[in-house]
1. Would you check which residues across the range 127-149 are modelled with pLDDT of 85 or more and in contact with a helix residue (DSSP H, G or I) (Cβ under 8 Å, 6 or more places away or on another chain) and list them?
2. Within the range 1-25, work out how many residues are outside any helix (DSSP H, G or I) and either closer than 28 Å to ALA270 by Cα or free of Cβ contacts under 8 Å to residues at least 60 places away in the same chain (or both).
3. Does any residue of the range 224-245 turn out to be open to solvent by 60 Å² or more (accessible area, probe 1.4 Å) and either at pLDDT 95 or above or on the phi > 0 side of the Ramachandran plot (or both)?
4. Please enumerate the residues belonging to the range 192-222 that are among the hydroxyl-bearing types (Ser, Thr, Tyr) and over 13 Å from ARG33 (Cβ atoms).
5. What residue, among those in the range 121-141 that are assigned to a helix (DSSP H, G or I) and touching a Gly at 6+ places or on another chain (Cβ under 8 Å), is surrounded by the fewest Cβ atoms within 10 Å (Cβ to Cβ)?
6. If you go through the range 26-53, how many residues are part of a loop (DSSP other than H, G, I, E, B) and open to solvent by less than 30 Å² (accessible area, probe 1.4 Å)?
7. Inspect all residues belonging to the range 192-209 and state whether any of them is closer than 22 Å to GLN91 by Cα and under 16 Å from the mean Cα position of the chain (by Cα).
8. Quick one: in the range 150-191, which of the residues that are within 20 Å of the chain's Cα centre (by Cα) and open to solvent by 70 Å² or more (accessible area, probe 1.4 Å) is farthest from ALA37 (Cα to Cα)?
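The values are calculated or read from the model by the stated rules, or taken from the named source; none is laboratory data. These numbers come from a predicted model, not from an experiment. Here the Cβ is made from the backbone with ideal geometry for all residues, glycine too, and neighbour counts use every protein chain on show. Accessible surface is based on the protein model in full, side chains and every heavy atom, while ligands, DNA and RNA are left aside. Shrake-Rupley method; radii C 1.70, N 1.55, O 1.52, S 1.80 Å.
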Amino acid sequence: MLTALAPAIWGTTYLVTTEFLPPDRPLLAAVIRALPAGLLLVALTRRLPKGDWWWRSLVLGTLNIGAFLALLFVAAYRLPGGVAATLGALQPLLVAGLSTGLLGERLRPRTLLAGVAGVAGVSLLVLQADARLDALGVAAAAGGAVVMATGVVLSKRWTSPAPLLATTGWQLVAGGLVLVPVALAVEGPPPATLSGANLAGYGYLALIGAALSYTLWFRGIRALSATQVTFLGLLSPVVATLLGWLALGQRLTAWQLLGAAIVLAAVVFAQGRSTTPARSAKASRSLSPAPPGCPPETTHTPVPR
């Protein structure tokens with residue numbers, strides 16, 4: 001439930017962006033959302049990466065935040081939001097496929113069924129009949145799904161020994177730094193003046209939309225399987241659609257309600273208990289013999305957090 005709060009918070013981004021932020025500055029919003037939040041977490045934890053975690057933080061921050069948000073920006077400008085969201089809904093299926101090779105998880109029929117249902121539900125929720133397609137936009141949306149899926153799986157494979165807040169801060173800083181030159185090249189320098197509403201919107205995105213939500217998201221990746229976590233991401237378009245109806249007066253049709261119901265059913269259906277972590281832990285211990293004089297470690301199933 002805590003992990004589900006992260007995509008639910010991300011679902012508020014559209015409302016905050018349209019109602020509080022300067023127009024046509026999505027990359028600036030992404031930079032301000034990631035970089036200050038990451039610096040804040042690093043300052044609070046006073047921990048810097050060590051050894052391999054310098055380049056791992058850069059890779060994960062680029063995949064989970066920098067490259068993903070940049071591709072999302074391209075897709076949003078070249079495609080209707082419904083098309084971009086529908087292509088993004090492919091992410092659980094991509095994570096399931098990558099997890100079989102990188103994490104040794106078994107691809108279960110219920111995962112495939114839930115993944116297909118999730119795509120269908122998001123399509124009903126946000127896709128319009130007159131949606132136009134653009135080759136570059138489609139490539140960007142699909143690329144965004146691929147990089148985020150890869151980031152989720154690698155975040156599960158590479159478990160940092162550092163505290164969760166520190167690891168989250170490293171990724172946010174890395175992703176923000178990757179976005180800075182892109183934002184300057186595409187949008188130019190930041191506006192000379194910002195209103196109180198602009199500052200409030202940016203503050204919300206940094207503190208709630210990044211520092212809190214990404215901490216919950218990466219905590220979920222540590223505690224759950226990668227496939228279980230990524231299905232929770234389907235909640236984001238549901239929250240965005242409901243907020244558009246409640247706060248902006250947008251029309252909500254019966255087909256959209258059906259799509260929301262299908263998405264929620266797919267999310268719940270995909271949360272079946274996985275025994276992969278227990279098997280993986282047992283396999284890892286079997287490959288590492290105990291030191292001389294030490295009894296073998298007793299295996300046990302980890303208690304879900």
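1. If the condition is that a residue be modelled with pLDDT of 85 or more and in contact with a helix residue (DSSP H, G or I) (Cβ under 8 Å, 6 or more places away or on another chain), then LEU136, VAL138, ALA140, ALA141, ALA142, GLY143, GLY144, ALA145, VAL146, VAL147, MET148, ALA149 are the ones that fit.
2. Total meeting the criteria: 4.
3. No, the range 224-245 contains no residue that is open to solvent by 60 Å² or more (accessible area, probe 1.4 Å) and either at pLDDT 95 or above or on the phi > 0 side of the Ramachandran plot (or both).
4. Once the filter is applied, which keeps residues that are among the hydroxyl-bearing types (Ser, Thr, Tyr) and over 13 Å from ARG33 (Cβ atoms), the range 192-222 yields THR193, SER195, THR215.
5. SER123
6. 1
7. Among the residues of the range 192-209, at least one is closer than 22 Å to GLN91 by Cα and under 16 Å from the mean Cα position of the chain (by Cα), which makes the answer yes.
8. Only one residue tops the list, namely ARG157.
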